[in-house]
Amino acid sequence: MSVCMFLLLAVVGMAFDLGRVYIARNEAQIFADAASMAAAQQLDGTAAGIDRARAAVAAMPNRWNLATKKFSGVVIEFSADGEQWDQQPKNLAALRFARVTAPDNHVEIMFLRAVGGPQEFTVPARAVASTKPVRLTQ
Amino acid sequence: MLELAVSAGVMVSCLVGTFQFGYTFYAYNQLVTAVGNGARYAAQRTYRAASEQDIERGNAAIRNMVVYGDAQPEPASAPVLPKLTPEQVNVHWELAGDGAPRSVNISIKGYTLDAIYRSFTFDGRPSVEFPYVGKYAPTEREP
């Protein structure tokens, strides 16, 4: 009986918990894509452009967890070459890329943890967009 | 025999519930992907605004991209989910003062998913917003 219950919870957990994890991952990636494009669009070689980029990301209405939760802890970085990233860049005129990372998307696991699974599952997402033209590069 | 009847009832209920939620999550994930792809497409395509008809033609292409994964689908194309139609895709443009688009929001309205034992209706979500980064062409017409 206990073996059956274990297997049943595992199957329920696979369907329910992993289903939510996949949705959250998808939602997070779409947010990162949109946010990185919004940030890259604002870069104009000035400090005001950096501020506008941060404000544009903060204003993104996209949500996760079945469109119920706002993204938090979002990291915005900038780069001139797509390799060295900086949240507080110095050489503003050279900036060509914006990178947005949404790291704090913790999906609470409900069934799988009853059979030894994790309490939560983190689904981070990251995207890079270039300026002129504004396009996703990663 | 009695134990089998009781436990079978519990097991079948659990499996039915698992199927319902599993399928619904799968379908919702498909919708999120479709809406995201449509929003990315809308954000980068040329916004031709010579007339209201041109704007509506552009919106129709975006709806097709969401539903069929193709802006100009073949007549026999299948939607990404059963009974999903372009009319159930809402395309909303946020415009600047000069009529140039600032952002585009794509959402699903009134789509009912038949999960066999129960149906679920998605209204207003999934919803995705992208900044508009395409070319604004106020005098161009949709081909």
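Quick rundown of the values:
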item	result
Which listed residue is closer than 30 Å to B:Asp123 by Cβ and of a type outside the set (Val, Ile, Thr), from A:Asn91, A:Asn105	A:Asn105
Scope the stretch A:101-138; condition among the charged types (D, E, K, R) and outside any helix (DSSP H, G or I); matching residues	A:Asp104, A:Glu108, A:Glu120, A:Arg126, A:Lys132, A:Arg135
Residues (charged (D, E, K, R), open to solvent by 10 Å² or more (accessible area, probe 1.4 Å) and more than 8 Å from chain B (Cβ to nearest Cβ)) located in the stretch A:12-25	A:Arg25
Scan of the stretch B:1-46 for residues that are in contact with a Lys or Arg (Cβ under 7 Å, 6 or more places away or on another chain) and among the hydroxyl-bearing types (Ser, Thr, Tyr), ordered by number	B:Thr46
Output for the stretch A:26-70, where each listed residue is within 10 Å of chain B (Cβ to nearest Cβ), surrounded by fewer than 20 Cβ atoms within 10 Å (Cβ to Cβ) and farther than 21 Å from A:Gln87 by Cα	A:Pro61, A:Arg63, A:Leu66, A:Ala67, A:Thr68
Neighbours by Cβ (under 6 Å, 6+ apart or cross-chain): first from the stretch B:1-28, within 9 Å of chain A (Cβ to nearest Cβ); second in a helix (DSSP H, G or I) and aromatic (Phe, Trp, Tyr)	B:Phe21/A:Phe16
Test result for A:Ala98, crowded, with 22+ Cβ neighbours inside 10 Å and in a helix (DSSP H, G or I)	no
Matching residues, the stretch B:106-134, being at the interface with chain A (Cβ under 10 Å from one of its Cβ atoms) and of a type in the set (A, V, I, L, M)	B:Val128, B:Val133
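The values are calculated or read from the model by the stated rules, or taken from the named source; none is laboratory data. All figures in this text were calculated on a predicted structure; none of them were measured in a lab. Cβ sites come from the backbone with ideal geometry, for glycine too, and all protein chains shown count toward neighbours. Ligands, DNA and RNA are stripped out before the accessible areas are found, and what is left, the full protein with its side chains, is counted by its heavy atoms. Shrake-Rupley method; radii C 1.70, N 1.55, O 1.52, S 1.80 Å.
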